[in-house]
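Some notes on the structure that comes next.
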Amino acid sequence: MADVEVTRTKEDEEDAQVRPGAPRIRDHTPQSVAELVALTGRAQPNLTRTVATLEAAGFVTMKTIGRRRTPSVAIKKIVVEIDPYSERDRLRVA
């Protein structure tokens, strides 16, 4: 399977302008859910549900430090292999 390199396109740049919180999550390491809320501008209950879903899927880990829960990225790369003629598509965390 060949690796695919993803580059930012004009659409990515426009998306970053529409969703200004997206690049901040990637570029910063929030030290708490409250800091992540401030970075993204999302409502805390909504963001907490999203982070819980990402944690359940194994994409994010939550570390408890005192009374704070600190989110961190659990994976660096996701590889999706899709064969339109196969029923055996795979998702692999690399």
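The values are calculated or read from the model by the stated rules, or taken from the named source; none is laboratory data. Because the structure is predicted, anything quoted here is derived from the model rather than measured. When we count neighbours, we look across all protein chains shown, and the Cβ atoms used for this are built from the backbone with ideal geometry, even at glycine.
Being assigned to a strand (DSSP E or B), under 23 Å from ALA52 (Cβ atoms) and among the hydrophobic types (A, V, I, L, M, F, W, C) is the filter here; which residues of segment 66-79 pass it?
Result: VAL73, ILE78.
State yes or no: is GLU5 at pLDDT below 65 and not hydroxyl-bearing (Ser, Thr, Tyr)?
Spelling it out, GLU5 is indeed at pLDDT below 65 and not hydroxyl-bearing (Ser, Thr, Tyr).
Output the number of residues of segment 66-94 satisfying the condition of being within 19 Å of the chain's Cα centre (by Cα), modelled with pLDDT of 80 or more and surrounded by fewer than 12 Cβ atoms within 10 Å (Cβ to Cβ).
1
Looking at segment 41-65, which of the residues that are at pLDDT below 90 and more than 12 Å from the chain's Cα centre (by Cα) is surrounded by the most Cβ atoms within 10 Å (Cβ to Cβ)?
Taking the candidates together, the pick is ARG42.
LEU36 versus (1) surrounded by 12 or more Cβ atoms within 10 Å (Cβ to Cβ); (2) assigned to a strand (DSSP E or B): which is the lone unmet condition?
All conditions pass for LEU36, except number (2).
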